[in-house]
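Every number in this text was worked out from the coordinates using simple rules, so none of it is lab data. If you're wondering where the values come from, they're calculated on a predicted model, not measured in any experiment. Note that we place each Cβ from the backbone using ideal geometry, even for glycine, and neighbour counts take in every protein chain shown.
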Amino acid sequence: VALQAQAQGLARVVFLALTTAATLVREAGLPVYGFVDLLEPSDTQALRQGERLIKTLSVQAAQREESIAYLGLSYAELEADVGPQVATARYAQYGRQSFLPVRVLERAIRRWQPACLLTTNSPRAERAALLAARRLGIPSLCLVDLFGLWERDWLARPDYADALCVLNPQVLASLVAAGRPASHIHVTGNPAFDHIHNSAVIAKGQALRLDVGWFAQRVLLYASSPEPQEVPGITGQGDPAWPRRIEAQLIKTVQADPSLALWVRRHPSEAAAD
């Protein structure tokens, strides 16, 4: 969508791209920035916090300088909002889930002065960007990637983004039932899935099967994702061990059935398999 908008002269698209997204955007030839580009001379204390916090990461999915800027700026805003003691306790309990760097994202909006903001329903920088856009009077669109289940309380609020794009009519109906006006919601599907039908992608998949000798097996893909124990603002308890238990059960099932094969794709923020 960004490439088409730029090619047709409809917009100059600027990405604030974090972790693995930055590489994809650069490869597409689009302008890409990160939290490191939002640093100001007064952020020396934030950078010191970032240097401290980066040592606690089990997986570093972004460049070191970007991770330091993201952690430092986000933690500095958390500390400014709730005070040093509460910030320490929240980070100890929730980790990065405790971040909501709205004022940092206001910096980005003021810097680039966008005509509109487009983001996903991810819970930290993206959510903060939508809140910042609302504060600054910038129209916004939130792409809900899957079913909008655990973040439904936010998505159902009429002031959370000006419009939502959702996967299917069932997601639309669930958000309307939760209180979101139907006129705010558009069923568009998820463009991340469109390339599944690309003949080149299908050919690459067939090549992968041949490389590992899976000629006749039914191949299963497990796309893992971290499960936090707690998320601020969300009731209930998660189970951080749940993704690994699913993985172990799938491995056990495949080992017992020669007609099956398994490909595991762990999330970039998860540790690699042993």
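For the range 40-173, the spherically averaged projection of the C-alpha convex hull amounts to 9.1 nm².
What does the charge count around residue 94 come to, taking other residues whose C-beta lies under 13 Å from its C-beta (Lys +1, Arg +1, Asp -1, Glu -1)?
Working: positive: 90, 96, 124; negative: 230.
Summing Lys and Arg as +1 and Asp and Glu as -1 gives +2.
In terms of the mean number of neighbouring beta-carbon atoms within 10 Å, the peptides 151-160, 85-94 order highest first as 151-160, 85-94.
In order along the range 173-180, the Karplus-derived 3J(HN,Hα) couplings, from 6.51 cos²θ - 1.76 cosθ + 1.60 at θ = phi - 60°, round to 4, 5, 6, 5, 5, 7, x, 7 Hz, and Gly and Pro are given as x. In the range 130-274 the Cα-Cα distances spread across 10 Å bins starting at 0 as 9, 26, 30, 23, 10, 1 percent of all pairs. Spatial offset of the range 96-131 relative to the range 1-58 amounts to 12 Å, using the alpha carbon center of each. Computed over the range 88-132, relative contact order equals 45 percent, with contacts defined as Cα pairs under 8 Å that lie 6+ residues apart.
Of (1) 50, 22, 19; (2) 32, 25, 21; (3) 42, 26, 18, which one was derived for semi-axes √(5λ) of the Cα gyration tensor in Å from the structure shown? Read-out from the structure maps to (2).
Under the simplified labelling scheme, the residue 237-residue 40 pair shows an inter-label distance of 4.2 nm, with each label point 7 Å from Cα along Cα→Cβ.
Remark: the range 135-141, residue by residue, has Karplus-estimated 3J(HN,Hα) of 4, 9, x, 9, x, 9, 10 Hz, where x stands for each Gly or Pro and the curve is 6.51 cos²θ - 1.76 cosθ + 1.60 at θ = phi - 60°.
A crude spin-label estimate for the pair residue 216 and residue 2, with each label 7 Å from Cα along the Cβ direction, gives 4.5 nm.
Expected output is a single nm value to one decimal: the length gained when fully extending between residue 110 and residue 80, i.e. 0.36 nm times separation in residues minus the C-alpha distance. What is it?
Gain on stretching residue 110 to residue 80: 8.8 nm.
For residue 262, nonlocal amide neighbours, meaning residues 5 or more places apart or on other chains whose placed amide H falls under 5 Å from its own, are 220.
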